[in-house]
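Encoded as structure tokens, the structure appears first; notes follow it.
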Amino acid sequence: MVFNRPFPLDSPSRTSFRYTFYAALVVFLILVLLQPFGMDALSTPTLIFHAALYALVTFICATANTFLLPWLFPGVYREEKWTVGKELLHMCWHLVPIAIGNWLLTHWLYHSKLSVHNLFSFLWITFVVGIFPLGLNILLKQQRLLKKYQAGALRLDEQLKQPEQMPQPESALPGILTFTSENGKEQLSVAVNDLRYITAADNYIRICFIKGHEPAFHLLRNTLRKAEESLSAFPQFFRCHRAYIVNLVAVEHVSGNAQGYKLHLRDVEELIPVSRSLNARLSEVLGATVK
């Protein structure tokens, strides 16, 4: 079903301000150029001023939603569980405070009645105007990103079929890695080639390795940054995501969806995500050229 398809979840950033500004600019231009809802009766300076106020409401409400919702509901806003349907609901929710803000602003500017009927009218108009372009934009973006990452994954897969020899450590280090907890009371030793990936788990790291031809897991109180430092002598280990370090030698297949690349590791069912900002770096490490 289209609503269950994976969709990228963009973290709030400076870019988010640009997107909300563009949305406000569209509102401003529509009101100035089309002059709907009787705004054609206003003088030009008043029209521009009122249109700017409505655009400001859109900018403030959309920006607040963009930054506050992921902070208030971190369990909901997780990219691994984000879908087209959730993105559509998220964008529709943006319309609610915008409609309420427009309802209040209209009362202030034109002394309209603050009634429930008027509020629902504003909600209805806002949804009718906004839902089609929002939905179309989400579906087109999902299809564009899906094609992009599926094509890139195919090229990476072709490179994996003819792998270059992964560079070896400069010094003659043993083939055993030892991870120590922060307090120094616990250790885990793993053969280099048996280590599959390490992921962050709150104040711990979760180490996945092969033991007796089966995947095994061990929690160790430490940080992913410390684990990355301990693996720095081995170029085959790559931090492909803010929460994952992966053994590239164990990668058997690369797949792609709208969220980006997924790494399939030998003897491991879990798919390892690749941050979109690291796609180019992954291509370099694997010796591929993916644009």
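Quick check on my filter: what residues within the range 95-126 are at pLDDT below 90 and closer than 16 Å to VAL57 by Cα?
Result: ILE125, THR126.
Looking only at the range 63-86, count every residue that is hydrophobic (A, V, I, L, M, F, W, C) and touching a Phe, Trp or Tyr at 6+ places or on another chain (Cβ under 8 Å) and tell me the total.
Total satisfying the criteria: 3.
Please determine, by comparing only the residues of the range 178-198 that are in a strand (DSSP E or B), without any contact (Cβ under 8 Å) to a residue 24 or more places away in the chain and not hydroxyl-bearing (Ser, Thr, Tyr), which one is farthest from VAL249 (Cα to Cα).
Per the criteria, the residue is GLN187.
Just wondering, is there one or more residues in the range 147-157 that are at pLDDT 90 or above, over 30 Å from ALA51 (Cα atoms), in a loop (DSSP other than H, G, I, E, B) and within 19 Å of the chain's Cα centre (by Cα)?
Checked against the condition, which is being at pLDDT 90 or above, over 30 Å from ALA51 (Cα atoms), in a loop (DSSP other than H, G, I, E, B) and within 19 Å of the chain's Cα centre (by Cα), the range 147-157 yields no hits at all.
The values are calculated or read from the model by the stated rules, or taken from the named source; none is laboratory data. Owing to the predicted nature of the structure, the values given are computational and were not obtained by experimental measurement. Note that we place each Cβ from the backbone using ideal geometry, even for glycine, and neighbour counts take in every protein chain shown.
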